[in-house]
1. Output the residues belonging to the range 374-407 that are open to solvent by less than 10 Å² (accessible area, probe 1.4 Å), in contact with a helix residue (DSSP H, G or I) (Cβ under 7 Å, 6 or more places away or on another chain), more than 13 Å from residue 443 (Cβ to Cβ) and not hydrophobic (A, V, I, L, M, F, W, C).
2. Any residue at all in the range 108-129 that's buried (at least 18 other Cβ atoms within 10 Å of the Cβ), closer than 30 Å to residue 216 by Cα and among the aliphatic types (A, V, I, L, M)?
3. So for the range 572-595 (the condition being touching a Cys at 6+ places or on another chain (Cβ under 7 Å) and within 29 Å of residue 415 (Cβ to Cβ)), does at least one residue qualify?
4. Tell me whether the range 199-220 contains one or more residues that are under 18 Å from residue 302 (Cβ atoms), open to solvent by 70 Å² or more (accessible area, probe 1.4 Å) and in contact with a Leu (Cβ under 8 Å, 6 or more places away or on another chain).
5. Can you name every residue in the range 161-205 that is over 22 Å from the mean Cα position of the chain (by Cα) and over 12 Å from residue 288 (Cβ atoms)?
6. Does any residue in the range 592-619 that is assigned to a helix (DSSP H, G or I) come within less than 8 Å, Cβ to Cβ, of a residue that is surrounded by 11 or more Cβ atoms within 10 Å (Cβ to Cβ) six or more places away or on a different chain, and which pairs are these?
7. Within the range 621-669, work out how many residues are part of a helix (DSSP H, G or I) and either at positive phi or within 60 Å of the chain's Cα centre (by Cα) (or both).
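The values are calculated or read from the model by the stated rules, or taken from the named source; none is laboratory data. Bear in mind the structure is a predicted one, so any value in this text is a computation, not a measurement. For neighbour counting, all protein chains shown are included, and Cβ atoms are generated from backbone atoms with ideal geometry for every residue, glycine included. These accessible areas exclude ligands, DNA and RNA; they are computed on the full protein's heavy atoms, side chains included. Shrake-Rupley method; radii C 1.70, N 1.55, O 1.52, S 1.80 Å.
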Amino acid sequence: MSVTVPILILALPLFMFIFIGLLGKKMSHMLAGVLGTLGMGTVLVLSYATAFDYFFSGNPLFINEAGERLQHIVFDQTWLQFTDSLVIKLGFFLDPISAMMLVVITTISFMVHLYSLGYMRDHHGVFEKGFQRFYAFLSLFSFSMLGLVVATNIFQMYIFWELVGASSYLLIGFYYTKPSAVSASKKAFIVTRFADLGFLIGILTLSYYTGTFNFTDFTSSAVAGLADTFRVDLATPEAVLSGFRASAAPMFMGASVLTWALVLIFMGGMGKSAMLPLHIWLPDAMEGPTPVSALIHAATMVVAGVYLVARLFPLYLMESAALDIIVIVGALTALYAAMVACAQVDIKRVLAFSTISQIAFMMVSLGVARPDFHEGLGYMASMFHLFTHAMFKALLFLGAGALIHAIGSNDYTEMHGLRKYMPVTHWTFLIGCLAIAGIIPFSGFFSKDEILSAAGGYSMWVYIWMSFVAFLTAFYMFRLYYLIFWWKEHKVREGHHAPHDQPWTMSLPLIILSVVTCVAGFIPFGNLVSWNGEPYDFMAHFDWSVATVSLIVAVLAIALATVMYRKENPLPAKMKRALPALWDWCHHRFYWDELYIFITHKIIFGCICRPLAWFDRHIIDGTMDAFASVTNKASGAIAPLQSGQIQMYVWIYLLGAVLLGGVTILCLI
């Protein structure tokens, strides 16, 4: 395959962003949308061709202009060079997880582009203001995510990491006349910037001690400069690991520098993937258009943190302390988000907290992965769940968009009994709920149970903890399903049309994603993606005892949700009265937002910024004002000397000469 194809995968979204962004106002809304969709469709085809050739050709090589045969690194151009070994390059890296991410990103992005042709207009067919701008931002985001996953080095990843943050800021704040959307976009930008600071420090620390930014050097090939310094043979991966251990020998506060670097890098992943305590931006990001929620907060941007850890997984294997931190953060986040989702009334926020919980599932899976347990089952399971979750969560978000478009509200209390009005949305949404609940044969069943198997191999307590999270997941998703499509039917308000399924541009993506959700579990994923590149037949190692227990747990959760929410009854109200404190804490997201407001407003602004502002105004400015006042008074005092009378000037001159002469005589004596 020619290197032109990977170049086009990156160049086309960038071109569409520039073209639609500059010329969008000079073309019709429909033309801008169709061009953006066709552009992403072309990228979809090219990405599928690239991934198919990589996975199934048996010899995935690329031929450059010089006729050289390339593998993994398709192209790599030097951008900045600090030393002979410390070089920042921009390139295209193709391996199992980047090929998988090409499929995920382009699939979801194309579905969102197509879906938005119907969603971003009202019931009269009038397009929303800024429609062309919306498609330009979608292309920018797609370009940023694609550049992130194919980065050949960690600094290139960081560059596109920041581009993803900037483009998500633009998309979340698309409704810039809406104060809540503006606030949400700023919140997302600020929170992730703090996390990215840790990421940058981790990158600089890691590169300083290893002398490289390149992923290939981190994982499989020689690290320049280490041979002379540490006198090790770097011809084998094992020697590379020993070289890294030697490079990480310096200690800081009881831990190796490598541990600190990996934890700081994980901090960046915590921000992007909304892990505790940097999760507060994601629920508010639902203020953006629903297609944006599906694209950014369901399938692509939020998995960037998972992808980051997976990309550096060989390094994380060297530091079990860093992996243990990932397990703890992921487990706490998964339970927290699942509990909060059980008490939300906004359907997009339920799905947002569901996303946080499922991303935490993936993080836990990476944290528990060890080569000595089923050849790193946790790594493969995490990537498998990333793939399946992207499909069924995008399906759920787009289904929620269809509901919001039909009803005009995000509140489930206005959506009861919609199954007979919106059959396509109903059945596709149900498929998504069954998948995320882990019901066989839907895709979520296979990927979730692999994660639970990996957790069981690490710790029985982690397995029980994550099984309880899986129970809550099935419960809150079917609570949402029944409250939307069953419960009690709302009468259509006078002057309003009855709810109905949306046009084909919105329904077709739902159908396609639901079909993928039904069959994706049967993909031999372990043969395509594994931590060490060796095929892993996960069906041969599938633990049916774990799967049976998790299936029973899911069925019990669905049964409980059915009893409580299928028909109108007093059980939900009784539960609130029985556990009022827990319900309030879950409904108010355990008051994390209030805590951040208290810290920023009361402590940072009130106790730190206000005294500093007083010091600046009264001490710094006061000192400068005093200098000016003294200068003014001194000039006023000597102003009479400038009288304009020659006689006065002569007397002053003579007096000065006499004084000068007197001083001279005294000095001579």
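1. 378, 382, 399, 401
2. For the range 108-129, residues buried (at least 18 other Cβ atoms within 10 Å of the Cβ), closer than 30 Å to residue 216 by Cα and among the aliphatic types (A, V, I, L, M): present.
3. First pass over the range 572-595, keeping only residues touching a Cys at 6+ places or on another chain (Cβ under 7 Å): 586.
From the residues that got through so far, the ones that are within 29 Å of residue 415 (Cβ to Cβ) too are 586.
Yes: one or more hits.
4. no
5. 177, 179, 205
6. 592/277; 592/279; 592/280; 593/280; 594/588; 596/280
7. Within the range 621-669, the first condition is being part of a helix (DSSP H, G or I), and the residues that meet it are 621-641, 646-668.
So of that shortlist, the ones also either at positive phi or within 60 Å of the chain's Cα centre (by Cα) (or both) come out as 621-632.
Residues meeting the conditions: 12.
Table: residues versus (1) under 29 Å from the mean Cα position of the chain (by Cα); (2) exposed (fewer than 15 other Cβ atoms within 10 Å of the Cβ); (3) at pLDDT below 75.
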{"position": "478", "(1), (2), (3)": "yes, no, no"}
{"position": "487", "(1), (2), (3)": "no, no, no"}
{"position": "497", "(1), (2), (3)": "no, yes, yes"}
{"position": "510", "(1), (2), (3)": "yes, no, no"}
{"position": "513", "(1), (2), (3)": "yes, no, no"}
